[in-house]
Amino acid sequence: MKNKIPDNPIKFIKRCIKENKIYWTYHVNMRLEKRAITRDMVISSIDNMEIIEEYLGDKYLPSYLLLLRYKSIYFHILIAIDVIEDNIRIITAYIPDMKKWEDNFKTRRKRK
């Protein structure tokens, strides 16, 4: 069965977070601890999240790279969306490396 893509991914993500329909992968739990990003930071930042990249053809589920801001901290999270099971999976989270991202944290720098 082909994975479904929501009409409004941001609305779907926000609803899943508010309804606690979130799976935190083992990978993201390890990354959060090492990268000084907390679950509370992710959840508290849902009102200012922005999709910066889409990976609709990912192997298992469509996924989105999001830019979030918590106070003065900007960070990215990768979220997979499961419309059929009505949940999201947070895959990874990190603070963007300024060597790889433009100052807006939304655009990857061109490789030289």
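The values are calculated or read from the model by the stated rules, or taken from the named source; none is laboratory data. In this text the structure is predicted, and so the values were computed from the model without any measurement. No Cβ is skipped: glycine too gets one built from the backbone with ideal geometry, and neighbour counts run over all protein chains shown.
Name every residue in region 1-44 that is more than 19 Å from Pro96 (Cα to Cα), over 12 Å from the mean Cα position of the chain (by Cα), of a type in the set (Lys, Arg) and surrounded by 14 or more Cβ atoms within 10 Å (Cβ to Cβ), in order of residue number.
Passing the criteria: Arg15, Lys21.
Listed residues Asp82, Asp47; which is charged (D, E, K, R) and surrounded by fewer than 17 Cβ atoms within 10 Å (Cβ to Cβ)? Before the answer, list the steps.
Working: Asp82 fails: surrounded by fewer than 17 Cβ atoms within 10 Å (Cβ to Cβ).
Going through Asp82, Asp47 in turn, just one is charged (D, E, K, R) and surrounded by fewer than 17 Cβ atoms within 10 Å (Cβ to Cβ): Asp47.
Of everything in region 55-112, what is in a loop (DSSP other than H, G, I, E, B) and of a type in the set (S, T, N, Q)? Give them in sequence order.
Correct list: Ser72, Asn104, Thr107.
Kindly provide the set of residues from region 51-67 that are out of contact with any Phe, Trp or Tyr (no Cβ under 6 Å at 6 or more places or on another chain) and either surrounded by 15 or more Cβ atoms within 10 Å (Cβ to Cβ) or closer than 16 Å to Ile17 by Cα (or both), ordered by number.
At the first step, the residues of region 51-67 found to be out of contact with any Phe, Trp or Tyr (no Cβ under 6 Å at 6 or more places or on another chain) are 52-53, 55-62, 64-66.
Scanning region 51-67 gives Ile52, Asp58, Leu61, Pro62, Tyr64, Leu65, Leu66.
Counting just the residues of region 42-81 that are touching a helix residue (DSSP H, G or I) at 6+ places or on another chain (Cβ under 9 Å) and of a type in the set (Asp, Glu), which one comes out farthest from Ile10 (Cα to Cα)? First the steps, then the outcome.
Let us first name the residues in region 42-81 that are touching a helix residue (DSSP H, G or I) at 6+ places or on another chain (Cβ under 9 Å), namely 42-43, 46-47, 49-51, 54, 62, 64, 66-71, 73, 75, 77-79, 81.
Now restrict to residues that are of a type in the set (Asp, Glu): 47, 50, 54.
Details: Asp47: 10, Glu50: 8, Glu54: 12 Å.
The qualifying residue farthest from Ile10 (Cα to Cα) is Glu54.
From the residues in region 2-48 that are acidic (Asp, Glu) and in a helix (DSSP H, G or I), which one is modelled with the highest pLDDT? Let's see the steps before the verdict.
Of the residues in region 2-48, the ones acidic (Asp, Glu) are 7, 19, 33, 40, 47.
Keeping just the survivors that are in a helix (DSSP H, G or I) gives 33, 40, 47.
Values: Glu33: 82, Asp40: 94, Asp47: 91.
The selected residue is Asp40.
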